[in-house]
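The structure appears right after this line, and notes come after that.
The values are calculated or read from the model by the stated rules, or taken from the named source; none is laboratory data. Predicted model only: the values in this text are computed from it and were never measured. In this analysis, Cβ positions are derived from the backbone assuming ideal geometry, glycine residues included, and neighbour counts consider all displayed protein chains. For accessibility, only protein heavy atoms count, side chains too; no ligands or nucleic acids. Shrake-Rupley method; radii C 1.70, N 1.55, O 1.52, S 1.80 Å.
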There are 2 protein chains.
Amino acid sequence: MPNDPNPIPGWLECIARSGYRLTAPRRAIVDIMASSDRALEPLQVYDLGRQSCPGLGLVTVYRTLEKLEELGLIQRVHQPNGCHTYWRAACGHEHLLFCTACGRAVHFSGDNITPLIEKVSNQTHFTIQDHWLQLFGLCPQCQQNNL
Amino acid sequence: MPNDPNPIPGWLECIARSGYRLTAPRRAIVDIMASSDRALEPLQVYDLGRQSCPGLGLVTVYRTLEKLEELGLIQRVHQPNGCHTYWRAACGHEHLLFCTACGRAVHFSGDNITPLIEKVSNQTHFTIQDHWLQLFGLCPQCQQNNL
DNA sequence: CCATAATTGATAACGTTTTTCAATTATAAA
DNA sequence: TTTATAATTGAAAAACGTTATCAATTATGG
C-alpha cells in the first residue's frame, strides 16, 4: 500500500493479524502515525493522542510505537537535531526527504547507487550490506514563504 | 589533512587558534578522537581518557566533544542502534561506511548523486540542500572471521 | 456472558546529558 | 619570571527521555 489515501484499516488489520489486540489507545496512535505528514516524537504523539483518547498514557505511546516499528509500519527517523522521531515506514526501496524549515517528510525512490557500492566495495574490501540515504531541503510551501 | 597519519597537532592548533585553551583533558580526548578507527560514545571516551588523564571527568568529556564538533573536527554518527557516538569529521565530500560486526568506520568519497537529486527535485518540487549517505557492511577482518 | 490473558496507566527506577559552582589552571601582560 | 584574569575543571545535583514494575482494566475467543 504505497501511497494509500487511507492506510489506517491496513495498519489495524496488520496489528490484529499479528495477534495483538485492537484497543482505543492503539487506534488513536495508529490514526496519528498513519496520517502524519512529518516525523513525530513520542511526546508529540502523546499530546495528539490525548485529544482523541484522553486517558492515554505516555508509556503506552512508547510501547505502541515500539510495536508498530516491530511490525514494520513505522520507522525511527534520524536527523541532525536528534533521532527521537518516528514516521511511517518506507515501502520497498524508498528513502526520506525532509523539509529543513517545517519538518514535512516525503518518501522518494529511484536512486541507483549500485555502481557506487561496487566502487566503494572494491576500494575498501568491505562487503556492503545496506545503505542509508536521506535528502534535506525546502518543500514548495516553505520556498514560497521565502524561508 | 584528509588522511594525515598524525592529525593530532592540527587539531590542537585548531583549538588554540579558535581561542580555546590547551589543557591536559583536552589533549587526552583529542588523542583518542583523532586516532580512533571507530565511532565512540562519551562513556568510552571517558574510560579511554582516564588511562592517560586519571582525574578526567565525564562532564569534561561531554563538553570537549561538543567543542570538537563545533570546530568541525568530529561529527555525531547515526546508526540503527543509536546516535550517541562521535567520529572524526569527514573531509569535504566524504561519507561513512561502517562494519556492522566490529564497528570499524571508514570514510569514502566518489558518490555522484547529482542526477538523483535533480530527479527527486523535479518530482517533489523540493529544493534539495543537503544529503546523508551511509553504507553498512562487513570489513575485511570480520569477513575472514566468517561472521 | 464468562474466563483468560493481553493491555493499560501510575509510579518508580534507570541511564544519559546538562546545569551549577567553587577550585584550579592556561594564558597574556607586566 | 611573576601576576592577574578569565577559561576550564571535576563533583554534585538536576533534568531529561526511556524503561520496568504492578495492580486494575479490557479485548478476545469460547
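A few comments on the model shown:
- Complete set of residues in the range B:78-102 that are more than 10 Å from chain A (Cβ to nearest Cβ) and surrounded by 19 or more Cβ atoms within 10 Å (Cβ to Cβ): B:Thr85, B:Tyr86, B:Trp87, B:Arg88
- Leading residue by the ranking (farthest from the other protein chains (Cβ to nearest Cβ)) among those in the range A:113-133 that are open to solvent by less than 20 Å² (accessible area, probe 1.4 Å) and in contact with a strand residue (DSSP E or B) (Cβ under 7 Å, 6 or more places away or on another chain): A:Ile113
- Yes/no for B:Pro42 being touching a residue at least 60 places away in the same chain (Cβ under 8 Å), surrounded by 15 or more Cβ atoms within 10 Å (Cβ to Cβ) and more than 11 Å from DNA strand D (Cβ to nearest atom): no
- In the range B:5-39, residue farthest from the chain's Cα centre (by Cα) [restricted to those that are open to solvent by less than 60 Å² (accessible area, probe 1.4 Å) and more than 16 Å from DNA strand C (Cβ to nearest atom)]: B:Pro7
- A count restricted to the range A:58-77 and to residues that are within 13 Å of DNA strand C (Cβ to nearest atom), of a type outside the set (A, V, I, L, M, F, W, C) and open to solvent by 30 Å² or more (accessible area, probe 1.4 Å) stands at 6.
- A single entry from B:Gly82, B:Gly55 fulfils the requirement of being modelled with pLDDT under 95, outside the structural domain of B:Gly137 (by TED's automatic domain parsing) and either within 13 Å of DNA strand D (Cβ to nearest atom) or hydroxyl-bearing (Ser, Thr, Tyr) (or both): B:Gly82.
- Residue ranges of helices (runs of 4 or more DSSP H) in the range B:32-147 with at least 2 members within 30 Å of A:Gln143 (Cα to Cα) and in contact with a Phe, Trp or Tyr (Cβ under 9 Å, 6 or more places away or on another chain): B:114-124
- Residue match in the range A:99-110 (condition: modelled with pLDDT of 95 or more, within 16 Å of DNA strand C (Cβ to nearest atom) and in contact with a strand residue (DSSP E or B) (Cβ under 6 Å, 6 or more places away or on another chain)): no
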